[in-house]
Amino acid sequence: MVTSSVSEVEIGRALGRRVAPRSVQRAARELLDHCEIVDLTPEIRNRAIDVRPASVRSLDAIHVATALVAGLNSFASFDARQRIAAEEMGLKLVAGG
């Protein structure tokens, strides 16, 4: 599984907002530990600018661009807007949503 380094921040902040128990925080860390974390490179930033639709949020565009630059063909997300962008950019949707 591949994810953007942005995921580490997003997950950490989401768990902090919800005052997640330590067991949930550990489980999230373990999940991330099994992912290939892709840093936010200039190529990904530039590709994110072109992610469609234009209304997609910036962080969602970064996740889609990360998948594209990593050469992936499929994309999993529970976020409806992210899924729309991924599909519009030619990624096959799997799981979630």
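The values are calculated or read from the model by the stated rules, or taken from the named source; none is laboratory data. As the structure is a computational prediction, the values presented were derived from the model and not from experiment. For neighbour counting, all protein chains shown are included, and Cβ atoms are generated from backbone atoms with ideal geometry for every residue, glycine included.
In segment 76-95, how many residues are touching a Lys or Arg at 6+ places or on another chain (Cβ under 7 Å) and either loosely packed, with under 12 Cβ neighbours inside 10 Å or not aliphatic (A, V, I, L, M) (or both)?
Initial filter on segment 76-95 (touching a Lys or Arg at 6+ places or on another chain (Cβ under 7 Å)): 77, 81, 85, 88-89, 93.
Still in the list and also either loosely packed, with under 12 Cβ neighbours inside 10 Å or not aliphatic (A, V, I, L, M) (or both): 77, 81, 88.
Of the residues in segment 76-95, 3 are touching a Lys or Arg at 6+ places or on another chain (Cβ under 7 Å) and either loosely packed, with under 12 Cβ neighbours inside 10 Å or not aliphatic (A, V, I, L, M) (or both).
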- Item | Conditions (1) among the aliphatic types (A, V, I, L, M); (2) in contact with a Phe, Trp or Tyr (Cβ under 8 Å, 6 or more places away or on another chain); (3) part of a loop (DSSP other than H, G, I, E, B); number of the one not met by V64 | (3)
- Message: closer than 14 Å to S5 by Cα, of a type outside the set (K, R), exposed (fewer than 11 other Cβ atoms within 10 Å of the Cβ) and more than 13 Å from the chain's Cα centre (by Cα): is that true of D39 in this structure?
- Response: no
- Task: Determine, yes or no, whether I11 is touching a Ser or Thr at 6+ places or on another chain (Cβ under 8 Å), closer than 22 Å to A95 by Cα, hydrophobic (A, V, I, L, M, F, W, C) and free of Cβ contacts under 8 Å to residues at least 60 places away in the same chain.
- Result: no
- Going through segment 28-84 one residue at a time, which ones are closer than 18 Å to A14 by Cα and in contact (Cβ under 8 Å) with a residue 60 or more places away in the chain? H63
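Could you please let me know if I49 is modelled with pLDDT of 95 or more, of a type in the set (A, V, I, L, M, F, W, C) and touching a Pro at 6+ places or on another chain (Cβ under 9 Å)? Quick ask: steps written out before the conclusion?
Values: modelled with pLDDT of 95 or more: yes; of a type in the set (A, V, I, L, M, F, W, C): yes; touching a Pro at 6+ places or on another chain (Cβ under 9 Å): no.
In short, no.
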